[in-house]
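Report on the structure given below.
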Amino acid sequence: MPNHAIGARSLRDRGVDLVAIADIDEQRARGAAEEFGARHWDTGYRALLARDDVHVVSLCLPHHLHREVAIAAARAGKHVLCEKPLALDVAEADAMIAAARQAGVQLGVIFQHRWDPPFQRLRRAVERQAFGRVLLGHVFHRCRNLTAPEFRDAWREHGKTVGGGVIMMQTIHFLDILLWCLGPVESVTARVDALVLKRDVEDTGSAVLRFRGGAIGSVVTTEAIETDRISRIEVHGTTGSAVWENSAWVRWETAPGHVEEPLPDDEPRLSEAERTRLLFGTGHVKQIADFVDRVRRGLPPSVTAEDGRHATAVIRAMYESSETGRTVAVR
């Protein structure tokens, strides 16, 4: 994934070297190494894990391969930064976490939108009770199923390899922002289905979340439409509200007397060509820099494997609730 390679390459002035890239397709492996300046490439990941000059492994793999490669990397003594979702299910996530703990390495998961300025602002405001006691949180995401060619791999169409549909693939990013701001979820009631797209994972779904802190949340999503994309996050409290849609705040009401401090300017120094190659903004680059910094200082990642496990647990609870017709506790 270009975002990960550009993120590693952006840290050259901090003593970070993009050592190697692995891909089962030899042409892609060689091409990526040449494009991003990696010194080595291989068609198998085990050769890279055997290298003494590799200290951190960035996993950009189909979801069903996360567990296998993350555990192998941990046992090889490598820190691991894994693309979302951390795993297909909670059991896989627990196995990955156990392997990292046993090896004494860090395991983090990519949720790059936590580094987007609007959501940094939202998190800080909720922490400072700018909206009073939070009562409601809402995610709405709709989009066309017209993704770029590189995202149309066959593994993305089957539950055994992708783990889920629009919720696991896309809406998970906005769900994570809600979890980050409102805390862990206690239980879920949901209904999901493949209403239009012919595949064995959902294209549409809706869920009600009960947060452990008492707030109530909702997630509504579909990728089976033919109109423009809308992504919305809402937080409503006793003394204020925040509503973000697509790229801007459409409502920001805080309690009287709340004073906002400016966010730090942490935009990475990238060339125009690098920015053009990035998908989803500079969040990946910022998170990779943060992960490397915290590994060097012996600190856990800002987005922990446990964060990734909980997001997966919430989504699996949605699927179980839809199948059984019952409210499901998040474990």
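Taking region 207-266 and the strands (runs of 3 or more DSSP E) fully enclosed by it, no element has 3 or more residues that are within 26 Å of Arg144 (Cβ to Cβ), charged (D, E, K, R) and without any contact (Cβ under 8 Å) to a residue 40 or more places away in the chain. Filter region 223-239 down to residues that are touching a Ser or Thr at 6+ places or on another chain (Cβ under 8 Å) and closer than 15 Å to His138 by Cβ and give me whichever is surrounded by the fewest Cβ atoms within 10 Å (Cβ to Cβ). Step by step, filter region 223-239, then rank; the result is Glu234. Being part of a helix (DSSP H, G or I), in contact (Cβ under 8 Å) with a residue 24 or more places away in the chain and open to solvent by 10 Å² or more (accessible area, probe 1.4 Å) is the filter here, so list the residues in region 70-98 that pass it. If the condition is that a residue be part of a helix (DSSP H, G or I), in contact (Cβ under 8 Å) with a residue 24 or more places away in the chain and open to solvent by 10 Å² or more (accessible area, probe 1.4 Å), then Ile71, Ala72, Arg75, Val90, Glu92, Asp94, Ala95, Ile97 are the ones that fit. Filtering region 249-277 down to residues that are touching a helix residue (DSSP H, G or I) at 6+ places or on another chain (Cβ under 8 Å) and aliphatic (A, V, I, L, M), which residue is farthest from Asp116 (Cα to Cα)? So the residue we want is Leu270. Among the residues of region 191-206, just one is in a loop (DSSP other than H, G, I, E, B) and among the small types (Gly, Ala, Ser), namely Ala194.
When you check Phe280 against the structure, is it at pLDDT below 95, aromatic (Phe, Trp, Tyr) and closer than 30 Å to Trp155 by Cβ, yes or no? So Phe280 passes the test.
In summary, strands (runs of 3 or more DSSP E) completely within region 1-67 and bearing 2 or more residues that are more than 21 Å from the chain's Cα centre (by Cα) occur at 20-22, 40-42. Per the conditions (1) on the phi > 0 side of the Ramachandran plot; (2) more than 20 Å from the chain's Cα centre (by Cα), the sole criterion not satisfied by Gly183 is (2). Restricting region 44-58 to residues that are without any contact (Cβ under 8 Å) to a residue 40 or more places away in the chain and open to solvent by less than 60 Å² (accessible area, probe 1.4 Å), the residue that is farthest from Arg297 (Cα to Cα) is Gly44.
Residues that are open to solvent by less than 60 Å² (accessible area, probe 1.4 Å), among the hydrophobic types (A, V, I, L, M, F, W, C), modelled with pLDDT of 95 or more and not in a helix (DSSP H, G or I) within region 100-158 comprise Val105, Leu107, Val109, Ile110, Phe111, Ala130, Phe131, Val134, Val139, Phe140, listed in sequence order.
For region 10-39, a residue qualifies if it is exposed (fewer than 15 other Cβ atoms within 10 Å of the Cβ), farther than 18 Å from Leu61 by Cα and of a type in the set (D, E, K, R), and the qualifying residues are Arg12, Asp13, Arg14, Glu34, Glu35, Arg39.
Scanning region 161-220 for residues that are aromatic (Phe, Trp, Tyr) and open to solvent by 10 Å² or more (accessible area, probe 1.4 Å) yields a count of 2. The single residue among Val220, Val259 that is under 30 Å from His63 (Cα atoms) and among the aliphatic types (A, V, I, L, M) turns out to be Val220.
Here region 280-310 is the region considered, the condition is being of a type outside the set (A, V, I, L, M, F, W, C) and assigned to a loop (DSSP other than H, G, I, E, B), and the residue that is most open to solvent (accessible area, probe 1.4 Å) is Arg297.
The values are calculated or read from the model by the stated rules, or taken from the named source; none is laboratory data. Everything numeric in this text was worked out from a predicted model, so none of it was measured. Note: ideal-geometry Cβ built from the backbone for every residue, glycine included; neighbour counts use all protein chains shown. Protein only, heavy atoms only, side chains kept; ligands, DNA and RNA dropped before computing areas. Shrake-Rupley method; radii C 1.70, N 1.55, O 1.52, S 1.80 Å.
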